[in-house]
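**Student:** Structure incoming, see below.
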Amino acid sequence: MKDLMQDAEMLTKEDVTALILAAKKRRGLKWEEIAAAIELSPVFTHSAAMGMNSMPADKAAALVAFLDLPPEAAEVLQDYPTKIWEQAVPTDPCIYRLYEIVGVYGPTMKAIIQEEFGDGIMSAIDFDMIISRVPHPKGDRVKVEMTGKFLKYNDW
């Protein structure tokens, strides 16, 4: 019975996310600073901290140490994610605009990818993304660079 009680008290991905966000806020850190401390990209660090990717053991341990989190949080950060979105179309304006970009330009992106590479998709597993600021006279721009391995559809 004691083992069941211990299992019931284990941290969840949601618990660890809350602990990370609290530590980040308490210490006044940016994702770039956290990522640099554990030698990962800010995009992957945030995604794993939000429970959408699993972190390698050494990086999970480094994050836990850097943010002074409970040791068991490292194991949770290594767990495989279940990627579930709560909404069909998000209401957050920044996220909604990204959906709008895919809605407007998705077919164009697909057509150009397939003209260049053939019939297939861009991987979101073997994937990198960099988000940066680009100065511009009309107002700074958000630059999103994505690279994903091309996966050809099987020929049946």
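**Student:** Can you name the number of the only condition in (1) farther than 15 Å from Leu19 by Cα; (2) touching a Leu at 6+ places or on another chain (Cβ under 8 Å) that Val76 fails?
**Tutor:** Here Val76 meets the rest and fails (1).
**Student:** Could you tell me which numbered condition Lys2 fails, if it satisfies all but one of (1) modelled with pLDDT under 90; (2) surrounded by 15 or more Cβ atoms within 10 Å (Cβ to Cβ)?
**Tutor:** Failing condition for Lys2: (2).
**Student:** Out of the stretch 19-57, which residues are assigned to a helix (DSSP H, G or I) and of a type in the set (S, T, N, Q)?
**Tutor:** The answer is Thr45, Ser47.
**Student:** Restricting attention to the stretch 103-128, and to residues there that are loosely packed, with under 11 Cβ neighbours inside 10 Å and hydrophobic (A, V, I, L, M, F, W, C), which single residue is nearest to Phe150 (Cα to Cα)?
**Tutor:** This residue is Ile125.
**Student:** If you check Leu77, Leu63, which single one turns out to be under 17 Å from the mean Cα position of the chain (by Cα), within 30 Å of Val102 (Cα to Cα) and at pLDDT 95 or above?
**Tutor:** Leu77
**Student:** I need the full set of residues from the stretch 31-60 which are of a type in the set (Val, Ile, Thr) and more than 20 Å from Glu14 (Cα to Cα), in order please.
**Tutor:** Across the stretch 31-60, the qualifying residue is only Ile38.
**Student:** Just to be sure before I move on: is Glu39 loosely packed, with under 15 Cβ neighbours inside 10 Å, closer than 14 Å to Ile20 by Cβ and among the charged types (D, E, K, R) in the structure I sent?
**Tutor:** No, not satisfied.
**Student:** Something else now. Quick one: is Arg97 in contact with a strand residue (DSSP E or B) (Cβ under 9 Å, 6 or more places away or on another chain) and either at positive phi or without any contact (Cβ under 8 Å) to a residue 40 or more places away in the chain (or both)?
**Tutor:** No: the conditions fail for Arg97.
**Student:** Same structure again: Before we move on, is Val144 surrounded by 11 or more Cβ atoms within 10 Å (Cβ to Cβ), part of a helix (DSSP H, G or I) and modelled with pLDDT of 95 or more?
**Tutor:** It is false that Val144 is surrounded by 11 or more Cβ atoms within 10 Å (Cβ to Cβ), part of a helix (DSSP H, G or I) and modelled with pLDDT of 95 or more.
The values are calculated or read from the model by the stated rules, or taken from the named source; none is laboratory data. Please read all numbers here as calculations on a predicted model, not as lab measurements. FYI the Cβ positions are ideal-geometry reconstructions off the backbone, even for glycines, and counts take in every protein chain you see.
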